[in-house]
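Asker: To start, I am sharing the structure in question, which I have written as structure tokens.
Derivation of every value follows stated rules applied to the coordinates shown; laboratory data play no part. Bear in mind that the values here come from a model prediction, so they are computed numbers and not experimental data. All Cβ positions, even for glycine, are placed from backbone atoms using ideal geometry, and neighbour counts span all protein chains on display.
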Protein chains: 2
Amino acid sequence: MTYCIILAGGVGSRFWPLSRYNKPKQFLKFSFGKSLIAQTLARVAPLAKKENIYIATNKDYARELKSCLKAKDISGVKFFYEAQGRNTFPSIAVLTKRIYDSDKDALILVCPSDHCIEQENKFLKGIRRGLRAAESGWIVTLGVVPLGAETGYGYIQTGVRLKGAQEELFKVRKFIEKPSLEKARKFIKHGGYYWNAGIFIFRARVLLEEIRKVSLPDYRLLEGITGEPSLKRAWTRLSATSIDYAVMEKTDKIALIPAEFPWSDLGSWKSLEPFMKKDIKGNIMRKNSLDLDSRNIVSWSGKRLLVTLGLNDLIIVDTDDALLVCSKDRAQDVKKIVELLKQQKFHAQI
Amino acid sequence: MTYCIILAGGVGSRFWPLSRYNKPKQFLKFSFGKSLIAQTLARVAPLAKKENIYIATNKDYARELKSCLKAKDISGVKFFYEAQGRNTFPSIAVLTKRIYDSDKDALILVCPSDHCIEQENKFLKGIRRGLRAAESGWIVTLGVVPLGAETGYGYIQTGVRLKGAQEELFKVRKFIEKPSLEKARKFIKHGGYYWNAGIFIFRARVLLEEIRKVSLPDYRLLEGITGEPSLKRAWTRLSATSIDYAVMEKTDKIALIPAEFPWSDLGSWKSLEPFMKKDIKGNIMRKNSLDLDSRNIVSWSGKRLLVTLGLNDLIIVDTDDALLVCSKDRAQDVKKIVELLKQQKFHAQI
């Protein structure tokens with residue numbers, strides 16, 4: 001049977017002032033009609049039964065989660081509330097163990113809830129190919145074919161194509177953190193590098209076996225979980241790290257399937273651009289906005305009228321209680337603004 | 001006796017969204033603590049008794065006028081509500097006639113209500129010198145010594161210094177509309193040119209006599225005013241033009257006294273800058289604002305938090321129902337925005 005773990009515990013402050021502490025990116029709709037997490041849920045719906053879908057999230061987000069997902073969409077879906085955010089490894093490990101305990105042959109798809117994916121048929125096709133490869137024992141990641149020398153993403157370097165595999169499946173050589181522009185350009189020129197989209201597919205049994213191999217203490221902790229009290233104890237002791245670092249970078253069972261759907265991890269306001277409709281002057285405008293002679297701006301109006309005059313390459317975001325005007329090339333530094341707000345005790349706006 | 005006519009009927013849309021149809025510039029406080037018109041009233045208070053001060057304004061502004069002036073400051077002050085705005089000549093002419101009818105030796109100071117003047121002692125000194133010159137029959141204008149080749153102001157070219165005058169008083173040769181940059185530079189280089197601040201001082205008798213000389217039909221209309229009905233009839237027939245064009249540019253009784261107080265007609269958001277406090281990065285910030293790495297911006301926050309990141313030379317103005325982000329070099333075009341709002345029927349925000 002196929003299961004799905006949706007990771008929805010991310011914090012993220014780069015979409016401030018639209019995103020807030022209790023409303024991180026995954027709960028935002030942007031202009032998509034529904035929130036990123038609602039889109040994620042809809043995207044995996046054809047792959048797993050509702051009862052086999054787990055949403056792992058922070059308990060502080062419980063209210064926001066319920067308010068941005070329709071009751072009919074989540075009936076049957078299981079929620080796993082993390083006691084404290086401890087990165088992705090503990091949630092995935094605990095849920096994998098839980099699923100394995102009731103289904104020894106379980107196949108699991110892990111995916112983030114705060115990414116943007118278009119052309120869902122291509123996504124589903126990629127996942128189905130991944131599921132077939134996972135059935136034969138591989139831990140599969142979907143690697144996005146890079147569109148350019150992007151420095152905001154992690155990369156995965158592939159090695160040989162695996163012989164005998166029905167699918168186009170490559171051995172993974174290396175996970176690479178966000179590179180310099182120079183390095184990113186080399187990757188693109190060289191070929192065989194893919195963007196790490198954080199999507200993994202594996203048999204529960206295989207992942208647990210790999211955890212045993214690369215981190216016996218974590219495996220022992222998982223074995224010891226029999227109910228809530230033992231989970232609570234284990235939770236604070238499991239390695240607080242990413243699944244990438246804890247397992248994927250260490251196992252030799254990892255393989256990659258190239259995927260070509262339009263994708264972004266939405267790391268900043270700027271990264272949203274390719275998914276938005278622009279006018280002939282390159283501006284992204286919302287309905288409560290009016291412009292004269294601006295170019296390449298994002299005019300993210302709220303309830304009030306937002307008027308722009310003679311601007312270039314800016315991002316403007318209006319909300320009820322806070323307003324951001326930001327140079328586009330500083331979009332990555334919006335997180336610094338949130339730090340400043342904390343320092344200067346603007347608690348209401350964090 | 002000295003009288004004062006404060007002109008407060010101006011429309012002006014260059015401070016949108018802070019200024020609105022029913023709240024033009026003269027009613028704005030900016031950061032000065034009190035509105036421009038309240039400042040004007042305070043500035044002329046040492047020169048004329050309350051009962052001798054007239055405020056000429058549009059009837060649509062009656063409410064705003066009362067709300068931005070304190071009851072004790074306007075007790076005794078006379079209000080002249082213009083039936084329709086018809087530029088400055090009709091108000092000045094009608095009020096001058098009215099004052100003359102009860103005081104044949106009246107001296108009148110005319111001044112705008114929407115300019116910014118600092119160092120009021122210099123202003124008062126200039127006016128007192130002007131009053132003395134006006135007593136001997138001159139129509140005096142205070143010319144501001146130009147600080148640079150500004151293209152946003154009208155200029156006055158002076159001729160010979162008048163002999164025998166106690167004051168530094170120059171014959172006026174020419175009124176010049178807002179010049180090109182090239183011309184403005186020539187004026188500064190040449191010397192003898194002053195900024196036209198719209199401040200005039202004259203004997204009521206002298207101005208009426210000059211009106212008779214340069215525009216007999218207007219003079220006849222003034223003579224015919226005996227009460228409200230005849231005023232109403234005359235109002236729509238008096239030349240709807242500026243006092244400059246109707247009289248000052250045509251009379252040979254006009255003389256200029258140089259004045260050196262810091263002055264601006266506040267023609268745009270940009271012109272406000274010299275009167276505001278800047279931080280070390282050249283930014284004008286209000287209390288509800290927070291910046292990281294911007295230079296030379298105006299961050300005019302309203303009730304909400306205004307955050308700026310990595311900006312240069314921008315003006316941002318936040319109000320309850322509308323928000324403007326504008327390149328500083330386009331500040332003059334804010335009036336075009338108001339036109340656009342009319343066209344696109346954003347009635348609430350005009």
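Asker: Taking a 21 Å limit on the Cα-Cα distance, which of the listed pairs B:23/B:281; A:122/A:250; A:125/A:213; A:23/A:336 fall beyond it?
Answerer: Going by Cα-Cα distance, B:23/B:281; A:122/A:250; A:125/A:213 fall outside the 21 Å limit.
Asker: Report the semi-axes of the equivalent ellipsoid for the protein assembly as shown in whole Å, largest first, where each axis is √(5λ) for an eigenvalue λ of the Cα gyration tensor.
Answerer: So the three semi-axes of the protein assembly as shown are 74, 24, 20 Å.
Asker: Okay, next question. Relative to 2.2 N^0.38 Å, what does the C-alpha radius of gyration of chain A come to as a ratio? Two decimals please.
Answerer: 1.03
Asker: Then there is this: Residue of B with Cβ nearest the axis relating B to A, plus distance in whole Å?
Answerer: Whole-Å result, nearest residue of chain B to the axis: B:325, 3.
Asker: Given q = 0.10, 0.15 Å⁻¹, what are the Debye log10 I(q)/I(0) values for region A:214-317, with equal point scatterers placed on the Cα positions and solvent ignored?
Answerer: Taken in order of the listed q values, log10 I(q)/I(0) reads -0.59, -0.73.
Asker: Next up: I need the P(r) histogram for region B:269-349: all alpha carbon pairs, bin width 10 Å from 0 out to the longest distance, whole percents.
Answerer: It works out to 17, 49, 28, 6, 0, in whole percents.
Asker: What FRET efficiency comes out for residue A:228 versus residue B:63 if R0 is 45 angstrom and r is the Cβ-Cβ distance? Round to the nearest 0.05.
Answerer: Computed FRET efficiency for residue A:228 and residue B:63: 0.10.
Asker: Defining the label point at 7 Å along Cα→Cβ, can you sort the distances from residue B:226 to the same site in each other copy, shortest first, in nm?
Answerer: 11.4
Asker: While we're on this one: Using Cα-Cα distances under 8 Å and only pairs 6 or more residues apart, what relative contact order does region A:2-264 have, in percent?
Answerer: Contact order relative to length: 24 percent.
Asker: With a Förster radius of 25 Å, plug the Cβ-Cβ distance of residue B:11 and residue B:147 into 1/(1 + (r/R0)^6) and report the FRET value to the nearest 0.05.
Answerer: Once rounded, the FRET efficiency stands at 0.40.
Asker: Other chains' Cβ within 10 Å of B:270-282 residues: what's the mean?
Answerer: Taking all residues of B:270-282 together, the mean is 0.
Asker: What is the list of residues in region A:51-76 whose amide nitrogen lies under 16 Å from a point 7 angstrom out from the Cα of residue A:21, following Cα to Cβ?
Answerer: Output list for this probe position: A:58-64.
Asker: With the label 7 angstrom out along Cα to Cβ, how close does residue B:295 come to the same site in each of the other copies, in nm, nearest first?
Answerer: Copy-to-copy label distances at residue B:295, shortest first: 2.1 nm.
Asker: Enumerate the aspartates and glutamates that residue A:163 could reach by cross-link, defined here as Cα to Cα under 18 Å, with residues fewer than 8 away along the same chain left out.
Answerer: A:135, A:252
Asker: Could you please state, rounded to a whole Å, how far the C-alpha centre of region B:261-336 is from the C-alpha centre of region A:32-90?
Answerer: One Cα centre to the other: 43 Å.
Asker: A further question follows. When the helix-only estimate is applied to chain A (DSSP H runs of n ≥ 4, each -39,500 (n - 2.57), divided by the residue count), what is the mean residue ellipticity at 222 nm, nearest 500 deg cm²/dmol?
Answerer: Value at 222 nm, helices only, nearest 500: -8000 deg cm²/dmol.
Asker: Shortest first and in nm to one decimal, what separations exist between residue B:163 and its copies in the other chains, measuring from label points 7 Å along the Cα-to-beta-carbon line?
Answerer: Once sorted, the set of distances for residue B:163 reads 11.6 nm.
Asker: Stokes-Einstein at 37 °C, 0.692 mPa s, Kirkwood radius from Cα pairs: D for region B:142-257 in µm² s⁻¹?
Answerer: 207 µm²/s
Asker: Which residue, B:254, B:211, B:316, tops the fluctuation ranking in a GNM of chain B built on C-alpha contacts under 10 Å?
Answerer: B:316
Asker: Related question: What does the net charge come to around residue B:347 if you take all other residues with beta carbon closer than 12 Å to its beta carbon, with K and R at +1 and D and E at -1?
Answerer: That works out to +2.
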